[in-house]
Amino acid sequence: MIQKQNIKGLTLVELVIVIFVIILLLILVPFPQRHTRNQARRTVCLSNQKQIAMAFIIYANDNDDDLISADTFVNEDNTNWVSGPLNKERQPVDWNNCSQENEIRGIQQSLLYKYIQLDEIFNCCSVDDKKFTNSPLGYRSYSIPSTLNGTDMPEEMEKYRYTKIDQIKNAAETFMLVEEADTRGFNYNGWFQNPEKPDTIVDSIGIFHKKSSNFGFCDGHVENIKWENPKTTNHFENYIENNTDGSFNFTNPENKDIQLIHKYYPARDSLD
């Protein structure tokens, strides 16, 4: 004879707990997918920078150790690592109001392009995934520090400029490529920091990888650097959202992130 069992329903407290667990699972389950996607994009970006860094070194080897210019403006001799935006007639376009097609034409005109032959290498795919309401960012998301043979610097900074690759004594600890976020729609010219002001960042940085940024170094290796100070990431993200004229300056004494940037920023010690 089968005995009947008393089956109790869930109490209100138990029901709330079950609902809470379901909601929590719905929130957490997509996380591994997002994490994997972000990690993949960061890896692609590092690969992009690796290819550019190697092209940077190969160019120097092919040209008597001369460094390619960090400048990005259009010039007749085409001596810069990338050219500024160009129209269909290959004429300069105002970088304040250029299209992605204009910018890609400038990349394809560049001296390094012949070593890479793919304009996507100059673009971090994580930038496209971010939605900025006020400020357009350029298609090319990487810049070379101005002191690596750039010319658009204050005259008093000229003494820090490298022109030959063999002048760089510690290539493994010297930036040659950085993710930049210029709010004018085009990362104009080199990425400049003032070596004499180690508590100040002059040009912006793109923080496109979950509170971190990718950098290429003069020996060809690449790194993802995570920013330690929340003020660093907050300042850069607020700049992108709220500044539309491209001006940038961030002074924060004792900020270890700024100190790290200046530690790795290329600044020639003497004219040898």
### Task
Using only protein heavy atoms and a 1.4 Å probe, report how much of CYS98 is accessible, in Å² to the nearest 10.
30 Å²
### Task
Can you tell me which of 229-236, 172-179 comes out highest on packing, and rank the rest after it, using the mean Cβ neighbours within 10 Å?
172-179, 229-236
### Query
Any idea of the accessible area per residue across the range 167-272, 1.4 Å probe, to the nearest Å²?
42 Å²
## Note on the structure
Residue-ordered couplings for the range 61-67, obtained by feeding phi - 60° into the Karplus form 6.51 cos²θ - 1.76 cosθ + 1.60 and rounding to whole Hz (Gly and Pro as x), are 5, 7, 10, 6, 6, 5, 7
### Message
With a 1.4 Å probe and all protein chains left in place, how much of the accessible area of the range 63-120 comes from carbon and sulfur atoms, in whole percent?
### Response
39 percent
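Give LYS50/LYS88; LYS164/LYS197; LYS164/LYS226; LYS164/LYS256 a once-over and call out the pairs whose C-alpha atoms are over 27 Å from each other. Please list the in-between numbers first.
On the way: LYS50/LYS88 30 Å; LYS164/LYS197 24 Å; LYS164/LYS226 30 Å; LYS164/LYS256 30 Å.
Violating the 27 Å Cα-Cα cut-off are LYS50/LYS88; LYS164/LYS226; LYS164/LYS256.
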### Summary
Honestly the range 138-189 on the Cα gyration tensor test (a ≥ b ≥ c root eigenvalues; a/c under 1.5 rounded, otherwise a/b vs b/c for prolate or oblate) is just oblate
### Task
Show the residues, 5+ positions off or on another chain, whose built amide H is closer than 5 Å to the amide H of SER69.
TRP81
## Note on the structure
Accessible-area order for SER141, SER99, largest to smallest, probe 1.4 angstrom, reads SER99, SER141
### Query
Among LYS211, LYS197, LYS164, what's the order by accessible area (1.4 angstrom probe), most exposed first?
LYS197, LYS211, LYS164
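How much length, in nm to one decimal, is gained on full extension between ASP66 and GLN108, taken as 0.36 nm per residue of separation minus their Cα-Cα distance?
On the way: separation 42, 0.36 × 42 = 15.12 nm, distance 2.11 nm.
Difference between extended and current length: 13.0 nm.
The values are calculated or read from the model by the stated rules, or taken from the named source; none is laboratory data. All values derive from a computational prediction rather than experimental measurement. Ideal geometry is used to build each Cβ from the backbone, glycine not excepted, and the neighbour counts take in all protein chains shown. Protein only, heavy atoms only, side chains kept; ligands, DNA and RNA dropped before computing areas. Shrake-Rupley method; radii C 1.70, N 1.55, O 1.52, S 1.80 Å.
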